[in-house]
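Just below is one structure, and these are the notes that go with it.
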Amino acid sequence: MAAQNNAPLPDGLEIAGYRIVKKIASGGFSIVYLAYDPEGNAVAIKEYLPSQLALRAPGELAPTVSKPNLPVFRIGLKCFFEEGRALARIVHPNVVRVVNFFRANETVYMVMAYESGHTLQDHIARLHAKGSRVNETALRQLFNGVCAGVREVHANKLLHLDLKPANIYLRSDGSPLLLDFGAARQTINIDAPMLAPMYTPGFAAPELYGKAAALGPWTDIYSIGAAMYACMTRTMPQPVEARKSEDKLEQQLAALAGSYSPELVDMVRACLDLDPLARPQSVFAMQKVLQAAPTVAPQDEEPAPAPGGWRGIAQRIGIKLG
Ligand SMILES: Nc1ncnc2c1ncn2[C@@H]1O[C@H](COP(=O)(O)OP(=O)(O)OP(=O)(O)O)[C@@H](O)[C@H]1O
Ligand SMILES: [Mg+2]
């Protein structure tokens, strides 16, 4: 992700009835602030500010956008707005709650319920520092929640398209929450090829790289598999290009046998299939696997049997696929 070099809004600023407390995060496309609404509730406000198109010096409120950048800035603004509007329709415990959005300072702001916690990426790093990793039970519970959120997104005819540990947030009680929907960036990227790509290598499905390929729930399913892989191995999967020339996935997954049940490893393998049709075709089907009791106690068993494809896993744990 591109860095954000712009000055944040000053602490204490009042904007559309909200009081900015402080900046909590910034990325290439936006700055996120902790703020309070008029009733004193904590909110997170995300400000559209693509650093490659807009400049804001300290002390200024509205960013400066050069004339050649203006059309792309406006397309991105519209998409950011659309992202907010789409998200505002979704009310689900595993999807960030968008409560408002407004225009000010010649840009757009998305107001979300503030959630106290940290990203899955930070969680993996913390465990790694302790020489540990997300265990089978925690992984199943966590990704059952992630799948529930993604299922709701898909039920609303939307795709996330940027699922990765940095965009999965864990509340203090450990429940997961989807953040940061990538649709805005996708459109920016189509219209302005000079901008940084929206996808994240390692977590992005092959069809995200080609303009003609069809995107669908299977595209998010690849990324869910990649995020599970990251929890299990504490590294990200090889980017698609590298896999196409020398795919190390099999040997990497083989190393997990004994630490995780075979059906969990098999599910990650199926999700990460380069062929969209070979992946689980819905997050609901994945939830069934995640919710089933492990067929073996992971630590006590021999390495996983040879892969039998997605249907094979479903059969082994006794679920019917439509
Ligand atoms: N609702 C929220 N409550 C608390 N913190 C939040 C919330 N939304 C975002 N954050 C914080 O802001 C960080 C960045 O959020 P998000 O992933 O949405 O944006 P981003 O990656 O900076 O986006 P972009 O790539 O568009 O610049 C999160 O990791 C989290 O720390
Ligand atoms: Mg993010």
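The values are calculated or read from the model by the stated rules, or taken from the named source; none is laboratory data. Quick caveat: nothing in here was measured; it's all calculated off a predicted structure. Virtual Cβ from ideal backbone geometry, glycine too; neighbours counted across all protein chains shown. Calculation scope for accessible area: heavy atoms of the full protein, side chains included, ligands and nucleic acids excluded. Shrake-Rupley method; radii C 1.70, N 1.55, O 1.52, S 1.80 Å.
Directionally averaged projected area (the stretch 1-64, Cα convex hull): 4.0 nm². Surface listing: 164, 211, 23 arranged by accessible area from highest to lowest gives 211, 23, 164, probe 1.4 Å. Computed over protein heavy atoms with a 1.4 angstrom probe, the accessible surface ordering of 51, 261, 116, 245, largest first, is 245, 116, 51, 261.
Here the extension length gained between residue 138 and residue 16 equals 39.9 nm, from 0.36 nm per residue of separation less the Cα-Cα distance. In this structure residue 24 has an accessible area near 70 Å², from a 1.4 Å probe over the protein heavy atoms. No solvent, one uniform scatterer per C-alpha: report log10 I(q)/I(0) for the stretch 102-188 via the Debye equation at q = 0.12, 0.15, 0.20, 0.23 1/Å, two decimals. Normalising to I(0) and taking log10 leaves -0.45, -0.67, -1.04, -1.23. Computed on the chain, with alpha-carbon pairs under 8 angstrom and 6+ residues apart, the relative contact order is 13 percent. The modelled label-to-label distance for the pair residue 100/residue 25, using points 7 Å beyond Cα in the direction of Cβ, is 2.2 nm. Average accessible surface for the chain: 45 Å² per residue, computed with a 1.4 Å probe over protein heavy atoms with every protein chain in place.
Relative to the present Cα-Cα distance, how much length would full extension add between residue 122 and residue 247 at 0.36 nm per residue of separation?
Details: separation 125, 0.36 × 125 = 45.00 nm, distance 2.71 nm.
Full-extension gain reported as 42.3 nm.
Each pair of Cα atoms in the stretch 14-113 enters the Kirkwood radius, and Stokes-Einstein at 10 °C and 1.306 mPa s then converts it into a translational diffusion coefficient of 113 µm²/s. Centroid-to-centroid, using Cα positions, the stretch 1-41 and the stretch 120-176 are 25 Å apart. Extension gain for residue 278-residue 74 works out to 69.6 nm (0.36 nm per residue, less the C-alpha to C-alpha distance). For the stretch 1-76, applying the loop criterion from DSSP together with a ceiling of 11 other beta carbons within 10 Å to the GluC sites (Glu not before Pro) yields 39. Taking all protein chains as they are arranged and a probe of 1.4 Å, the heavy atoms of residue 266 leave approximately 10 Å² accessible to solvent.
As an equivalent ellipsoid, the chain spans semi-axes of 37, 21, 17 angstrom, where each value is the square root of five times an eigenvalue of the C-alpha gyration tensor, largest first.
Find the lysine pairs in the chain meeting two conditions, Cα atoms under 22 Å apart and a separation of 8 or more places or different chains, and report how many there are. Going through the chain pair by pair, I get 16.
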